[in-house]
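First up is the structure itself, then whatever we jot down about it.
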Amino acid sequence: MSRRLTRLILFYLILTGLWQGLYSLRLWPEYIFPSPVGVLKTLVAGFEDKTFIIGILISMKRILIGYGLSIVVGLGIGLLIGRVKLLDETFGSLVLGLQALPSICWLPLALLWFGLSESAILLVVILGSLFSIIIGADTGVKNVPPIYIRAARTMGAKGLQLYTKVIIPAALPSIISGFKQGWSFAWRSLMAAELLYVSLGLGHLLMMGRELNDMNQVIAVMIVIIVIGVVVDRLIFAKVENKVRERWGLA
């Protein structure tokens, strides 16, 4: 076992011990501050009866569709803004403004446009992550050293080839950072939308726990949400970032 993994396990054991210690003091009733054992039992029961599994699958389906669309649209727009001065001076300022808008603010608009439907949730997810991806791509393009582009043009690169061979590879670190931030915003947007719109998913399970005063379920679902976020970051974004660092000699 690596030293890093040992430290991580020790940290969470200490954290769980502190949690159990606070619970043992009985400062709050159990329906407000549950024990680690109670939360663990709820986690096990949720996976045994497949309630959590169904919620995870439905939420992951939504995030993959919404986030995937955000990447396609956001990357295209970001690359254009970074290279076209007119778009940068007009649409670029709008993107910066919309980025500051909390994603949950899009939910009333989505409900008015699409009603209580999957489309409304997907729109919130898309708009929650889209602008981070656009800004990441835009920033990456603007930070490409001009000498790279001049050298590529001297060697005959132009149009789409200039983007695929020079601009995108050079802008990749910023683009990946935009993807990573966009993922976190998309995940938060999805949970917020599922909390406010009654449908199957992790957010709905969280709301059910609140309505039933079942704090064990609330915390259990929160743990599942956190674990999914960490796993996606470590298994996908962290590996991609490491490969980019190695490619650029930063590792």
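Yes/no matrix, rows are residues, columns are (1) modelled with pLDDT under 80; (2) under 27 Å from the mean Cα position of the chain (by Cα):
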{"site": "Phe91", "(1), (2)": "no, yes"}
{"site": "Leu98", "(1), (2)": "no, yes"}
{"site": "Leu109", "(1), (2)": "no, yes"}
{"site": "Leu112", "(1), (2)": "no, yes"}
{"site": "Gly115", "(1), (2)": "yes, yes"}
{"site": "Gly136", "(1), (2)": "no, yes"}
{"site": "Thr139", "(1), (2)": "no, yes"}
{"site": "Met155", "(1), (2)": "yes, no"}
{"site": "Gln161", "(1), (2)": "yes, no"}
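Can you pull out the residues in the range 92-103 that are surrounded by fewer than 16 Cβ atoms within 10 Å (Cβ to Cβ) and in a helix (DSSP H, G or I)? Hits for the range 92-103 are Ser93, Leu94, Leu96, Gly97, Leu98, Gln99. Mind listing whichever residues of the range 153-205 are more than 29 Å from Leu80 (Cβ to Cβ) and assigned to a helix (DSSP H, G or I)? Hits for the range 153-205 are Met191, Ala192, Glu194, Leu195, Leu196, Leu202, Gly203, His204, Leu205. Looking across the range 49-79, the residues that are in contact with a Phe, Trp or Tyr (Cβ under 7 Å, 6 or more places away or on another chain), among the β-branched types (Val, Ile, Thr) and touching a residue at least 60 places away in the same chain (Cβ under 8 Å) come down to Ile63, Ile71. Checked against the criterion of being open to solvent by less than 30 Å² (accessible area, probe 1.4 Å) and touching a helix residue (DSSP H, G or I) at 6+ places or on another chain (Cβ under 7 Å), the range 6-25 contains not a single residue that satisfies it. Somewhere in the range 14-30, is a residue farther than 26 Å from Val218 by Cα and under 28 Å from the mean Cα position of the chain (by Cα)? No: zero hits.
Taking the condition under 13 Å from Ile219 (Cα atoms), surrounded by 12 or more Cβ atoms within 10 Å (Cβ to Cβ) and either within 27 Å of the chain's Cα centre (by Cα) or acidic (Asp, Glu) (or both), does Leu43 pass?
On the way: under 13 Å from Ile219 (Cα atoms): yes; surrounded by 12 or more Cβ atoms within 10 Å (Cβ to Cβ): yes; either within 27 Å of the chain's Cα centre (by Cα) or acidic (Asp, Glu) (or both): yes.
In short, yes.
When each of Ala120, Ala193, Ala110, Ala170 is tested for being open to solvent by less than 50 Å² (accessible area, probe 1.4 Å) and under 30 Å from Asn242 (Cα atoms), the lone residue that passes is Ala170.
Across the range 200-250, which residue is most open to solvent (accessible area, probe 1.4 Å) among those that are among the small types (Gly, Ala, Ser) and free of Cβ contacts under 8 Å to residues at least 24 places away in the same chain? In this case the residue turns out to be Gly249.
The values are calculated or read from the model by the stated rules, or taken from the named source; none is laboratory data. Remember, it's a predicted structure, so these values are computed and weren't measured experimentally. Note that we place each Cβ from the backbone using ideal geometry, even for glycine, and neighbour counts take in every protein chain shown. Heavy atoms of the whole protein, side chains included, go into the accessibility calculation; ligands, DNA and RNA do not. Shrake-Rupley method; radii C 1.70, N 1.55, O 1.52, S 1.80 Å.
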